[in-house]
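Only one structure is covered here, and it is reproduced in the block below.
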Amino acid sequence: MKHIPILLIAFSSLVVDAPAFAQCRNGWCRADCSKYGCYYVRVISRNWPIVMAEENGPVLNRIKLFDCQQYKWMTVGGTGQWFQMMPGSIGETVLETACGM
């Protein structure tokens, strides 16, 4: 009987987390949405802490490198410069989604 509350807590956490899995399909995961549209990300390769991912947003579709430890990003084929991710931005959510996939 003492183990039932632990099982209920474990089961309820599975139920709560279930909708997050519905946000991914065919390798693409929805990271975040704004009034302009939603941003999706698909991981191409991983070499921890660097993740290469395709980002598809309302305006652009581009491939980026994400540094999952330093919260930086760089566009593949761009200037070669790393940029610090803005805290609380949609880009930060895209980075966290790519790094967590």
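For region 83-101, how many residues are surrounded by 11 or more Cβ atoms within 10 Å (Cβ to Cβ) and in a strand (DSSP E or B)? Result for region 83-101: 1. Among the residues making up region 63-82, none is part of a strand (DSSP E or B) and modelled with pLDDT under 95.
Taking region 59-82 as the range and being more than 21 Å from C38 (Cα to Cα) and surrounded by fewer than 14 Cβ atoms within 10 Å (Cβ to Cβ) as the test, the residues that pass are Q69, Q70, V76, G77, G78, T79, G80, Q81, W82.
Annotation: of all residues in region 32-62 being among the aliphatic types (A, V, I, L, M) and at pLDDT below 95, the one that is nearest to G100 (Cα to Cα) is L60. If the condition is being within 11 Å of the chain's Cα centre (by Cα) and of a type in the set (A, V, I, L, M, F, W, C), then region 22-61 contributes C24, W28, C29, A31, V41, V43, V51, A53.
The values are calculated or read from the model by the stated rules, or taken from the named source; none is laboratory data. Given the structure is predicted, the values throughout are model-derived calculations rather than measurements. As a convention, Cβ positions derive from the backbone with ideal geometry for all residues, glycine included, and neighbour counts pool all protein chains shown.
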